[in-house]
Amino acid sequence: MAVIKANAYGHGLLRVAEVLEEAEGFALLDVRDAIALREAGFRQTILLLEGFFTADELPLLAQYELSSVIHSTWQLAMLDAYPRRGTLSVWLKINTGMNRLGFLPEQVPAVMEKLKSHPAIREVTLMTHFSHADEPEGVAEQLELFKGLTAAYRAPRSLANSAALLRYPATHAEWVRPGIMLYGASPFADASAQQLGLQPVMTLGSEIIAVRELQAGDSVGYAGLFRADRAMRIGIVACGYADGYPRHAPTGTPVLVNGRRTRTLGRVSMDMLCVDLGEMPDADVGSRVILWGAGLPVEEVAGAAGTISYELMCALTARVPVSY
Ligand SMILES: *Cc1c(COP(=O)(O)O)cnc(C)c1O
């Protein structure tokens, strides 16, 4: 099951679904996106990862054959009030330690009884989500708890995000739920995408639109956060936080100009950022700039900016022209 929430991690929902059309399922958040997939002709399982939010979504789930996570008793109450029969496929989410969504272990037997005998429910899949699959702590505790809680039931199971899929084969079960790895980024801090054999899908690129010669003591950009200690050449790049480049990326964040690595300078503004051209006399107006992607792993840029690749990819804004 390909996780394509958040506009396929910023890559474009329908385009990514087309590329991944052989996936047996898609997982996302928004019922309108799920309906758009159905209307575009996708026939596989489509799972709503937070389930339904209001009772009036229930007929849509039935009409479009969408599967829904069920994580809370308020959703059970809405199901009880729902009159249709034999139409819904639900994924019972069990909280095994993440403490975000899901029923508590001690609630599982009663909820499972209820769902299995519920007239509106056709099929139940059992799922959980790991809090530490990408960390040294791993999945052992949650995995054991989940196995114990679900051993008595004949139902498909789903546990693994990208990190668990890559590192813990014991978590694979009937459905895996990779997200970030599909887009070519590593879920781990201690293993690069390249080491995992993953290639970046998204490259964020722009161009240098102006070049300046700074003198020692000149500062750059808002608040003069960067000040030159000698004469230097800088480039102004047409990309800023309104495109999704992180404003908190400090001076020194890596960037490629003409395929060579240099660094950002000073504060990122809404539509522009500045780069050091000190070591690249050939760089000029029109030089190609890569902010992340091919040749510059998004994880590295994220690390420099104090965030993760997921956030950078999802943050890409609608004004950025995309070519596939
Ligand atoms: C987002 C999400 C995933 C995918 O996680 P990655 O770390 O991107 O692989 C899997 N399962 C659930 C429930 C999610 O919310």
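The values are calculated or read from the model by the stated rules, or taken from the named source; none is laboratory data. Computed from a predicted model, the values in this text were never measured in an experiment. Neighbour counts are summed over all protein chains in view; Cβ atoms, including those assigned to glycine, are modelled from backbone coordinates with ideal geometry. Side chains are part of the model used for accessible areas, which takes the heavy atoms of the whole protein and leaves out ligands, DNA and RNA. Shrake-Rupley method; radii C 1.70, N 1.55, O 1.52, S 1.80 Å.
Counting only protein chain heavy atoms and rolling a 1.4 Å probe, the accessible areas of Lys147, Lys5 rank, largest first, as Lys147, Lys5. Sequence-distant contacts, meaning Cα pairs under 8 Å at least 6 residues apart, place the relative contact order of the chain at 12 percent.
Here each label is just a point 7 Å from Cα along the line to Cβ, and for Arg15 and Glu106 those points are 5.1 nm apart. Here r is the Cβ-Cβ distance between Glu207 and Tyr64 and R0 is 45 Å; the resulting FRET efficiency, rounded to 0.05, is 0.60.
Note that region 204-314 carries a Kirkwood radius of 13.7 Å, evaluated over its alpha carbons pair by pair. Under 1.5 on a/c is rounded, so check that first for region 119-205, then, if it is not, pick prolate when a/b is larger than b/c and oblate when it is not; a ≥ b ≥ c are the square roots of the alpha carbon gyration tensor eigenvalues. Cα axes put region 119-205 in the oblate bin. Considering only alpha-carbon pairs that sit under 8 angstrom and 6 or more positions apart, the relative contact order computed for region 32-99 is 30 percent. You can think of it this way: the chain between Arg319 and Glu135 has 62.7 nm of extra reach, that is 0.36 nm per residue less the Cα-Cα gap.
The DSSP beta bridges internal to the chain are antiparallel in roughly 55% of cases. Rounded if a/c is under 1.5, else prolate if a/b beats b/c, else oblate: with a ≥ b ≥ c from the C-alpha gyration tensor eigenvalues square-rooted, which is the chain? Note, shape of the chain comes out prolate. With all protein chains kept in place, the per residue accessible area of region 1-99 amounts to 43 square angstrom at a probe of 1.4 angstrom. Would region 2-183 count as rounded, prolate or oblate if I go by the C-alpha gyration tensor, calling it rounded below 1.5 in a/c and otherwise prolate when a/b exceeds b/c, oblate otherwise? Oblate.
Residue-wise HN-Hα couplings along region 291-302, as the Karplus relation 6.51 cos²θ - 1.76 cosθ + 1.60 with θ = phi - 60° gives them from phi, are 7, 6, x, 4, x, 9, x, 4, 4, 5, 5, 4 Hz; Gly and Pro carry x. For region 248-324, the list of trypsin sites (Lys or Arg not before Pro) that fall in a loop by DSSP and count at most 13 other C-beta atoms within 10 angstrom reads Arg319.
Phi-derived couplings, Karplus 6.51 cos²θ - 1.76 cosθ + 1.60 at θ = phi - 60°, listed residue by residue for region 44-59: 6, 4, 10, 10, 8, 5, 10, x, 8, 9, 9, 5, 6, 7, 4, x Hz, with x used for Gly and Pro. Considering only DSSP states other than H, G, I, E and B, which trypsin sites (Lys or Arg not before Pro) in region 38-99 qualify as loop sites with at most 13 other Cβ atoms within 10 Å? Sites meeting the loop and neighbour criteria: Arg43, Arg84, Arg85.
Just the protein heavy atoms count here, and of the accessible area of region 204-314 at 1.4 Å, carbon and sulfur take up 51 percent. To the nearest ten degrees, helix 140-150 and the longest principal axis of the Cα atoms of the chain are 30 degrees apart. Each part reduced to its alpha carbon centroid, region 140-206 and region 78-108 end up 22 Å apart.
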